[in-house]
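Q: This structure is in structure tokens; I'll ask about it shortly.
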Amino acid sequence: MLENNYRPCEIESKWQKRWEEENTFKVDESGKGKKYYLLEMLPYPSGKIHMGHVRNYTIGDVQARFRMMNGVKVLHPMGWDAFGMPAENAAIKHGVHPAKWTYSNIDYMRGQLKRLGFSYDWSREFATCNPDYYRWEQQVFTELFEKGIAYKKTSQVNWCPSCNTVLANEQVVSGACWRCDCAVEMKSMSQWYLRITDYAEELLRNLDEKLAGWPERVKLMQKEWIGRSEGTYVDFPVEDSKEKIRVFTTRSDTLFGATFMCVACEHPLVQDALLSAANAVEIKNFLERSARIDHKARLEDRYEKDGVFTGKYCINPLTGSKMPVYAANFVLMDYGTGAVMSVPAHDQRDFEFAKKYNLPIVLVIEPVGEKLDVQTMTCAWQGDGILVNSGQFNGMKSNEAIAAITSNLKKEGRGDAAVTYRLKDWCVSRQRYWGAPIPIVYCDSCGTVAVPKDELPVRLPHDVKLSGEGGSPLAKCEKFVTTTCPGCGGRAKRETDTMDTFMESSWYMLRYASPHYDQGPVDAKMIEYWLPIDQYIGGIEHAVGHLIYFRYYTKLLRDLGYINLDEPCKNLMTQGMVYKDGAKMSKSKGNVVDPDDMIAKYGADTMRIFSLFAAPPEKDLEWNDQGVEGSYRFLVRVWRLVTDFIAGELKLADANDEMKRFMHKTIKKVTCDIERFHFNTAIASIMEWVNFLYGRASLGVDRQSIERLVLMTAPFAPHLAEELWKKLGHEEMTISVNWPAYDDSMISGDTMTIVIQINGKLRDKLEVAFGTPDEKIKELALQNAKVSEQLGGKTPQKVIYIPQKLVNIVA
Ligand SMILES: [Zn+2]
Ligand SMILES: [Zn+2]
């Protein structure tokens with residue numbers, strides 16, 4: 001390290017103390033004036049913050065401080081996603097109570113965040129495991145139960161054998177548990193669900209209509225997850241029965257070619273056949289075989305397609321012909337209706353199944369201008385075409401036939417147009433202790449009853465044995481389970497499942513607007529003022545989990561009448577991950593850098609500069625020690641320049657035009673770059689300004705140039721900036737000083753020279769006006785005569801622009 005008198009540790013603790021004593025970041029509660037709600041995803045109190053947190057929160061902190069200096073009221077809160085399994089696992093392993101473990105982690109991590117100098121309004125802090133918080137969640141749950149939005153049903157659920165609990169679909173990633181990576185099993189269990197599917201259409205529609213400030217990638221992931229598909233439902237009567245088998249298909253044009261039916265193992269018709277069919281033993285064997293297919297193999301489609309005849313037939317509603325009904329291992333009860341009409345000529349899987357079991361294949365679609373023959377076909381024709389063997393619909397094109405056949409089915413009362421979604425209802429109950437109790441009791445005479453509002457919260461009992469074995473810990477807590485029925489006053493039992501912790505994080509962003517409100521979950525007036533979130537920052541891994549749930553929960557609270565808000569968040573930024581030695585930092589890989597060690601060695605300001613300068617926020621960041629050193633050296637350079645100036649060691653001189661122009665240019669660049677999250681280029685511009693001022697040292701610098709430098713550095717390295725600002729003789733802190741303004745007239749007429757390269761070789765230069773947008777510069781480079789000549793009409797693979805320097809065209 002350089003020998004110098006920059007002492008980050010002393011400076012930093014001094015300013016942190018002053019911010020705390022003066023409540024510097026406590027936001028005005030009047031609910032009036034220009035506001036900005038900046039939020040970073042709330043952390044789980046695992047014990048220590050990691051470099052990913054440092055990066056995430058620093059990105060947010062620069063925005064918050066920048067807005068504050070622009071005179072905006074910034075809500076910048078912090079709290080804790082405090083329920084969850086690690087606390088319980090620690091309890092099982094080390095015998096420490098989950099509450100104690102959680103709260104002591106919170107205390108430690110709060111200290112760490114304070115040591116990084118983040119501008120949080122700590123008066124709004126809360127932990128979601130506090131009954132003052134979860135009581136409102138319980139109240140909302142009882143209201144959802146009364147409206148039928150929260151309901152209990154038995155079905156196949158995702159079960160993690162290592163976490164000993166069910167998981168929501170969103171918590172299963174490639175067949176494995178999101179938390180522990182263990183392979184997920186399927187189990188039939190009775191669980192609580194929220195009817196998120198009722199909101200599928202609005203969740204989808206708003207992506208395009210109301211979330212212009214969200215990354216396209218996240219919106220695309222949500223669209224795929226919601227998975228809307230338009231098609232037709234068709235009812236197939238079961239022979240000699242009043243029953244019907246309902247299917248959903250996007251290809252009703254192939255209905256004349258449906259020659260057999262495949263249903264899921266759990267389909268009621270199969271259960272029925274198990275009791276009555278002549279081949280019941282064969283069916284039983286098949287069901288056992290199917291149950292053994294492992295979940296991962298299923299997801300990766302690595303298992304043999306297998307089926308068994310159920311002894312039953314259904315009738316094709318258009319042809320009137322009998323279709324044998326098979327139980328098939330590739331049909332899932334939870335997906336669609338649990339039954340699939342099989343059209344072997346036009347679906348490859350059905351084709352193979354038909355060949356295997358010697359079932360009829362009927363051709364009903366021919367590609368335009370081509371003849372097909374069922375006898376010689378070696379695979380299914382899955383494309384569009386012209387209908388054949390389809391009665392009155394012969395000669396129609398596929399798309400016309402879909403409409404015509406659907407309307408025919410509707411007329412006959414045998415089907416209709418329908419929309420389905422891939423999204424399934426959200427399973428919200430968990431079989432673990434450390435979560436919010438589900439406020440429901442079971443009574444022999446009254447059935448399932450919600451706990452009345454005035455009896456909430458249902459508190460999580462403190463004295464519970466946690467062994468990690470033998471089912472839900474709450475179920476073994478007699479004192480908790482036994483209660484009286486709110487309906488009849490008789491003996492009743494409490495629900496012993498707890499809520500998915502994603503329930504707590506679905507509305508915390510609303511609670512921050514009025515964190516101490518005791519008349520309901522939120523104060524509508526404060527929601528009106530603060531929401532939606534102006535800028536939300538967090539990881540892409542939440543794209544189809546939390547980021548769907550919090551949108552859904554907002555709509556639930558709206559429809560329960562608590563708030564008047566459709567979407568919780570206007571702008572979203574998903575930051576990249578932190579890597580070291582080419583892998584994501586993790587304890588198991590042994591490549592973790594502890595922020596505490598780094599702060600002790602270099603100071604928080606260096607960590608902040610490094611995490612912003614090393615990569616643009618949305619890209620992954622590769623840890624590198626030289627980068628940290630470099631960030632530290634930059635701060636030392638700022639420190640020296642300003643302290644030398646104060647000590648009178650620099651010559652004092654009025655700024656000439658060149659200097660003024662450079663300064664205004666720099667302010668403009670830094671201002672615009674912060675607004676669009678280009679922190680690395682903003683810092684680069686400040687570095688250039690520092691270099692420029694050093695270069696002027698012998699000629700002389702003026703006070704204003706030095707002061708502007710300090711103010712521009714403030715959002716990035718706030719401790720250093722406050723200290724220098726004070727040394728410059730100011731009483732008030734930089735945070736309450738106006739962000740420096742720039743004068744466009746000083747910059748206009750100023751141009752920059754941009755080098756144009758093709759595959760790294762210099763081809764030409766461009767003169768463009770300062771402040772020309774990046775996209776425009778790329779466009780100009782591509783239009784350049786020498787470039788067109790070199791490219792010879794070919795489209796380049798990539799156009800890379802390094803701001804204010806060069807455009808490299810990769811051909
Ligand atoms: Zn697990
Ligand atoms: Zn009762």
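The values are calculated or read from the model by the stated rules, or taken from the named source; none is laboratory data. All figures in this text were calculated on a predicted structure; none of them were measured in a lab. Please note: Cβ atoms are built from the backbone with ideal geometry, for glycine as well, and neighbour counts cover all protein chains shown. With ligands, DNA and RNA removed, areas are computed over all heavy atoms of the protein, side chains included. Shrake-Rupley method; radii C 1.70, N 1.55, O 1.52, S 1.80 Å.
Q: Is at least one residue of region 169-185 more than 16 Å from ligand 2 (Cβ to nearest atom), more than 30 Å from Val54 (Cβ to Cβ), β-branched (Val, Ile, Thr) and assigned to a strand (DSSP E or B)?
A: So far as region 169-185 goes, no, none of its residues is more than 16 Å from ligand 2 (Cβ to nearest atom), more than 30 Å from Val54 (Cβ to Cβ), β-branched (Val, Ile, Thr) and assigned to a strand (DSSP E or B).
Q: So which residues in region 769-798 are of a type in the set (A, V, I, L, M, F, W, C) and under 21 Å from Phe679 (Cα atoms), if there are any at all?
A: Phe770, Ile777
Q: If you don't mind, another one. Return the residues of region 134-176 that are within 16 Å of ligand 1 (Cβ to nearest atom), small (Gly, Ala, Ser) and surrounded by fewer than 21 Cβ atoms within 10 Å (Cβ to Cβ); say none if nothing qualifies.
A: Ser162, Ser174, Gly175, Ala176 - these are the residues of region 134-176 that are within 16 Å of ligand 1 (Cβ to nearest atom), small (Gly, Ala, Ser) and surrounded by fewer than 21 Cβ atoms within 10 Å (Cβ to Cβ).
Q: Identify, from the list Val458, Val441, Val481, the residue that is away from ligand 2 (no atom under 16 Å from the Cβ) and touching a strand residue (DSSP E or B) at 6+ places or on another chain (Cβ under 6 Å). First the steps, then the outcome.
A: Working: Val441 fails: away from ligand 2 (no atom under 16 Å from the Cβ); Val481 fails: away from ligand 2 (no atom under 16 Å from the Cβ).
None of the others qualify; the one that does is Val458.
Q: So Gly471 clears everything in (1) buried (at least 19 other Cβ atoms within 10 Å of the Cβ); (2) modelled with pLDDT under 95; (3) not aromatic (Phe, Trp, Tyr) except one condition, right? Which one?
A: (1)
Q: Tell me, which residue of region 177-198 that is over 17 Å from Glu300 (Cβ atoms) and open to solvent by 60 Å² or more (accessible area, probe 1.4 Å) is farthest from ligand 1 (Cβ to nearest atom)?
A: Of everything passing the filter in region 177-198, Asp198 is farthest from ligand 1 (Cβ to nearest atom).
Q: With region 692-811 as the region, which helices (runs of 4 or more DSSP H) entirely inside it contain at least 3 residues that are open to solvent by 40 Å² or more (accessible area, probe 1.4 Å) and touching a residue at least 40 places away in the same chain (Cβ under 8 Å)? Full working, then the answer.
A: Details: elements: 703-713, 718-727, 744-747, 774-783, 785-791.
In region 692-811, the matching helices (runs of 4 or more DSSP H) lie at 703-713.
Q: Only one of Arg251, Arg217 is under 22 Å from Asn389 (Cα atoms), among the basic types (Lys, Arg) and open to solvent by 50 Å² or more (accessible area, probe 1.4 Å). Can you tell me which?
A: Arg251 is the lone residue from the list that is under 22 Å from Asn389 (Cα atoms), among the basic types (Lys, Arg) and open to solvent by 50 Å² or more (accessible area, probe 1.4 Å).
Q: Six or more apart or on different chains, Cβ atoms under 6 Å: show the pairs whose first residue is in region 443-467 and in a helix (DSSP H, G or I) and whose second is more than 16 Å from ligand 1 (Cβ to nearest atom).
A: If the second residue must be more than 16 Å from ligand 1 (Cβ to nearest atom), the pairs left are Lys453/Gln139.
Q: List pairs: first in region 100-117 and open to solvent by less than 20 Å² (accessible area, probe 1.4 Å), second polar (S, T, N, Q) and modelled with pLDDT of 95 or more, Cβ under 7 Å, 6+ apart or cross-chain?
A: Here the result reads Gly117/Gln16, each pair linking region 100-117 to a residue that is polar (S, T, N, Q) and modelled with pLDDT of 95 or more.
Q: Only residues that are within 26 Å of the chain's Cα centre (by Cα) and open to solvent by less than 10 Å² (accessible area, probe 1.4 Å): list them for region 592-608, please.
A: Pro595, Met607, Arg608, listed by residue number.
Q: Moving on. Of all residues in region 659-696, which are among the aliphatic types (A, V, I, L, M) and either farther than 17 Å from Pro773 by Cα or touching an Asp or Glu at 6+ places or on another chain (Cβ under 8 Å) (or both)?
A: Filtering region 659-696 down to residues among the aliphatic types (A, V, I, L, M) leaves 659, 663, 667, 670, 674, 682-684, 686-687, 690, 693.
The answer is Met659, Met663, Ala682, Ile683, Ala684, Ile686, Met687, Val690, Leu693.
Q: Moving on to the next point. Provide a single number: the residues in region 269-303 that are out of contact with any strand residue (DSSP E or B) (no Cβ under 8 Å at 6 or more places or on another chain) and of a type in the set (A, V, I, L, M).
A: Count: 8.
Q: Among the residues of region 7-49 satisfying the criterion of being of a type in the set (A, V, I, L, M, F, W, C) and in a helix (DSSP H, G or I), which is nearest to Tyr508 (Cα to Cα)?
A: Here the answer is Trp19.
Q: Checking the structure you have, find out if any residue of region 424-442 is open to solvent by 30 Å² or more (accessible area, probe 1.4 Å) and assigned to a loop (DSSP other than H, G, I, E, B). Quick ask: steps written out before the conclusion?
A: First, the residues of region 424-442 that are open to solvent by 30 Å² or more (accessible area, probe 1.4 Å): 424, 442.
Checking which are assigned to a loop (DSSP other than H, G, I, E, B) leaves us with 424.
So far as region 424-442 goes, yes, one or more of its residues are open to solvent by 30 Å² or more (accessible area, probe 1.4 Å) and assigned to a loop (DSSP other than H, G, I, E, B).
Q: Follow-up. Ala354 - would you say it is part of a strand (DSSP E or B) and away from ligand 1 (no atom under 16 Å from the Cβ)?
A: On the way: part of a strand (DSSP E or B): no; away from ligand 1 (no atom under 16 Å from the Cβ): yes.
Answer is no for this residue.
Q: When region 404-416 is examined, which residues are found to be over 27 Å from Asp334 (Cα atoms) and open to solvent by 50 Å² or more (accessible area, probe 1.4 Å)?
A: Ser407, Lys411, Glu412
Q: Something else about it: So which helices (runs of 4 or more DSSP H) stay within region 478-576 end to end and still have 1 or more residues that are within 26 Å of the chain's Cα centre (by Cα), surrounded by 19 or more Cβ atoms within 10 Å (Cβ to Cβ) and more than 16 Å from ligand 1 (Cβ to nearest atom)?
A: Where helices (runs of 4 or more DSSP H) fall fully within region 478-576 and carry at least 1 residues being within 26 Å of the chain's Cα centre (by Cα), surrounded by 19 or more Cβ atoms within 10 Å (Cβ to Cβ) and more than 16 Å from ligand 1 (Cβ to nearest atom), they are 501-504, 508-511, 524-530, 546-559.
Q: Could I ask something else about it? What's the number of the condition Val172 fails, among (1) in contact (Cβ under 8 Å) with a residue 40 or more places away in the chain; (2) within 18 Å of Met503 (Cα to Cα)?
A: Among (1) in contact (Cβ under 8 Å) with a residue 40 or more places away in the chain; (2) within 18 Å of Met503 (Cα to Cα), Val172 violates only (1).
Q: Val419 fails exactly one of the following numbered conditions: (1) over 29 Å from the mean Cα position of the chain (by Cα); (2) open to solvent by 30 Å² or more (accessible area, probe 1.4 Å); (3) among the aliphatic types (A, V, I, L, M). What is the number of that condition?
A: Condition (1) is where Val419 drops out.
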